[in-house]
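The block underneath contains the structure these notes are about, expressed in structure tokens.
Readers should treat all values here as calculations from the given coordinates under stated rules, not as data from a laboratory. Please read these numbers as outputs of a predicted model, since none were measured by experiment. Glycine also receives a Cβ, built like all others from the backbone with ideal geometry; neighbour counts cover every protein chain displayed.
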């Protein structure tokens, strides 16, 4: 029976996900993996879809994009709202096009929500309601994130258990859905239709020692400033950024520096701290998904080669 199931899985078109926390080296590893398995890369990052957030989102550079074809980078203006339904629609089209070219779609990124909507589907009853969303973000600013989180716990305890208390974006979305439909997001998720019946899906997660990861995050932030992060944010500041784009780590922190609220070093430390917290939330999300095959991601080219070999053995 198990052999028959495995054979059936092998006949389905394959989709690979490479996920993990920020700054762990997914983008660089993905290039080697894509070459090895004849894949094209689809970004699974909620900020890389925006134009002009190259340094902020650690977007793959021109060299990387020249080596392996990338999809879903720079597909939205930072002034336009972009939601998971639109991402899923574009992702499914990319999957079809890549399979048509006899290649494997390789999703790479750290957005657990984007991964989930691609694999598990999305409920159609609750499109975005920007008025409700703005009101909820204003409440968070005035009363704090915990105020909204406690409200969510009272409405949908199941969703609250799965969402980190500091994950404002997902807290707001869960409350937005409830206010718009009268149904909890946990209830609506049961109506979703996913891709597992149609595709053979493998998910690989990268992780490393927490202290080493935090050191890498701190180093990346320093590199981002050297690459011109302040200049990039200056260009964004005159724009009327969308609610989602506004949540990118680095925008508010550098805005505070440019407005003279604190110095450059404090801005750096704020970005480092908030990025470390974000990485922790990412890991919390991914660890709850039992489908993920975890791989240790230590330093060195030999390790990268070993990781690629290990992933290929999982095929």
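Restricting things to alpha carbons, find the Rg to Rh ratio for the stretch 130-189 using the Kirkwood radius for Rh.
0.92
Determine one quarter of the surface area of the Cα convex hull of the stretch 94-207, which equals its mean projected area, and express it in nm² to one decimal.
For the stretch 94-207, averaging the hull's shadow over all directions gives 8.7 nm².
Taking N as the number of residues in the stretch 32-121, what value does Rg over Cα atoms divided by 2.2 N^0.38 Å take?
1.04
Between the alpha-carbon centers of the stretch 35-68 and the stretch 186-259, tell me the distance in whole angstrom.
For the stretch 35-68 versus the stretch 186-259, the Cα centre distance is 13 Å.
If every alpha-carbon in the stretch 244-307 counts as one equal scatterer, what log10 I(q)/I(0) does Debye give at q = 0.15, 0.22, 0.24, 0.28 1/Å?
For the stretch 244-307 at q = 0.15, 0.22, 0.24, 0.28 Å⁻¹, log10 I(q)/I(0) is -0.70, -0.91, -0.97, -1.10.
Is any residue of the stretch 69-92 close enough, with backbone N under 17 Å, to a label point placed 7 angstrom from the Cα of residue 12 along the Cα-Cβ axis, and if so, which?
92
Based only on Cα atoms, what mean projected area does the convex hull of the chain have, in nm²?
One quarter of the hull surface, i.e. the mean projection, equals 16.8 nm².
Kindly provide the Kirkwood hydrodynamic radius of the stretch 162-251 in Å, to one decimal, from all pairs of distinct alpha carbon atoms.
17.5
Cα atoms only: what Rg and Dmax, in Å, come out for the stretch 198-250?
Gyration radius and largest Cα-Cα distance of the stretch 198-250: 16.7, 45 Å.
In terms of the Cα gyration tensor, with a ≥ b ≥ c the square roots of its eigenvalues, is the stretch 117-162 rounded because a/c is under 1.5, prolate because a/b exceeds b/c, or oblate?
oblate
Need one word for the stretch 205-315: rounded, prolate or oblate. Basis is the Cα gyration tensor (sqrt eigenvalues a ≥ b ≥ c); a/c below 1.5 gives rounded, then a/b vs b/c decides.
prolate
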